[in-house]
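Trainee: Below you will find the structure I want to go over with you.
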Amino acid sequence: MARSITKVSSGVIKDGTITLSKLATTGTAASSTVLYGNFAWAASSPSGKRDFTDTNATPTAGDVWFESGELKFAIDPSSSTAVWITGGNITTARRGLAAAGSQRAGLCFGGRNGSPGNAETEEYNGTAWASGGALPAARSYLSGCGTMTAGLSVGGNPSNSNTTSEYNGLAWSGGGNLTTGRSEGWAAGIQTAAIYFGGTTGSYSAVTEEYNGTAWGAGGNLTSATDAPHGAGTLSAGLCMGGWVGSSLVQTTEEYNGTAWGSGGNLGTANAQGAGAGVQTSAISFGGDDADPGYVQRTEEYNGSAWSSGSALSTAVKYQGGAGTSTAGLSMGGYSTANATKCEEYTKPEMQWSSAS
C-alpha cells in the first residue's frame, strides 16, 4: 500500500500532527526535537536539526528529518520492490480477452472460453469485478485501451475484424473501422488518441494505425511484420515488445514517436502473447510464451532504455488481459494451467504527497 504523508504547511504535517517547533532550525539539539526514527541528536549539531552529512550517523528505514529546507525520509529499498498480489477473480473464465483502465478502475471484455468468442464486459473497483455493458458482438484475440469510462475495443476474431467499439462506462457503441482488419495486435493510448499495431490478417502484419476518436489513419509501420506483440504507452510515445516474427519469437522492443518506430532495449527473453502496461519510459511486460507451446510467470520492467527482472506472477499465463501502470498493473484471465478467472495486481509502494490545509 502507498504511504500518504502530507508536506509541511502552516506549521503542521499530517502524520502525528507534528508542529513546526519540532522541525526547528535554530536552538539546541535535544531529544524533544526528534521528529521520528531510532536515532539521537549528535552533540555537534549546531542548529537543532538532523543533518546526516555533518555527523557519522546513518539513517535507517523510518527515519525522517529536516535538512536544508526539506523534509527527508529514509526507506528500505526492498520496500519499493513491486510484487504481484491476488485480486478479485473475473466472473467468466476466458483467454484472448482485452483490457483497459487502471488497477482500481479496470475493464476487461471479449475473449473466449471454448466458444467462438464472448461479448461480456466486466468492471473492476480494485476489489471485485461486476458486469458492464456487453460488446455489440462476441470477439476474441482483440485489444483494448483507454479508461473504464472511455474505453476502446479494437479488432479481433472472428475473421480478423476491422471493428472498433467505444465504451462510455455503461454501454458500447460503434467507432471508426480499422483500415486493415486484424487480430492479435495491440492497442495503446486513449479513446480519442490511440494506436493499433501488429497482429495478423492471416499473414503477420507490420501495419500501425492511428485513431483520432472518429477514424483510423495510417501510421508508421513496425520494423518487422509481428504477430501477438504486446505494448504500452500513448499515440505519441508508444511501446511494442516481443511477438512472433516469421517462425521466431523475438526480444525486440520498438518505440513510437507519433510518426515512426525506432529501436528500444531488447527484452531479457524473447516473448509473445503476453501483456504490457505503463508508458514508454516506465513499462512492464508480463506473462506470455517464450517456448511455444507454453506460458510463463515472468515480469520485466522497462526504464525507457533497458529491461530488468521484476517479480513473477503467481501463475504462468498467456493471452491474458493487461492494464494499468508499471507500479500499479493489472492482469486478468488468460490461458494457463490454473483458474482462467484469476486476477493479479502488480503493486510497487510509493510515497504520495498532498498539501496540508
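Trainee: As an exercise, use a Förster radius of 22 Å and the Cβ-Cβ distance of Ala119 and Asn177 to find the FRET efficiency, rounded to the nearest 0.05.
Mentor: Efficiency for this residue pair is about 0.75.
Trainee: If you don't mind, there's one more thing I want to ask. Below 12 angstrom from the Cβ of Gly322, what's the summed charge of the other residues (Lys, Arg +1; Asp, Glu -1)?
Mentor: After counting each charged neighbour, the total is -1.
Trainee: Given R₀ = 22 Å, FRET efficiency for Ser305-Ala128 by Cβ-Cβ distance, to 0.05?
Mentor: 0.05
Trainee: Continuing with the same structure: Could you please report the charge total around Gly243, scoring K, R as +1 and D, E as -1 over all other residues with beta-carbon less than 11 angstrom from its beta-carbon?
Mentor: Summing Lys and Arg as +1 and Asp and Glu as -1 gives -4.
Trainee: Want the number for Ser80 to Gln297: 0.36 nm per residue separation, take away the alpha-carbon distance, what's left?
Mentor: Additional length available on full extension: 76.1 nm.
Trainee: Provide the FRET efficiency to the nearest 0.05 for the Thr91-Ser248 pair, computing r from the beta carbons and using R0 = 22 Å.
Mentor: 0.05
Trainee: Something else now. Using modelled amide H (1.01 Å from N, peptide plane; none on Pro or chain starts), what sits under 5 Å from the amide H of Arg94, excluding residues fewer than 5 places away?
Mentor: Gly334
Trainee: According to the square roots a ≥ b ≥ c of the eigenvalues of the Cα gyration tensor, what is the shape class of segment 81-347, taking rounded for a/c under 1.5, prolate for a/b larger than b/c otherwise, and oblate for the remainder?
Mentor: Taking the square roots of the gyration eigenvalues as a ≥ b ≥ c, segment 81-347 is rounded.
Where a number appears in this text, it was derived from the coordinates with a stated rule and is not lab data. Treat the numbers as computed from the prediction; the structure is a model and nothing was measured. All Cβ positions, even for glycine, are placed from backbone atoms using ideal geometry, and neighbour counts span all protein chains on display.
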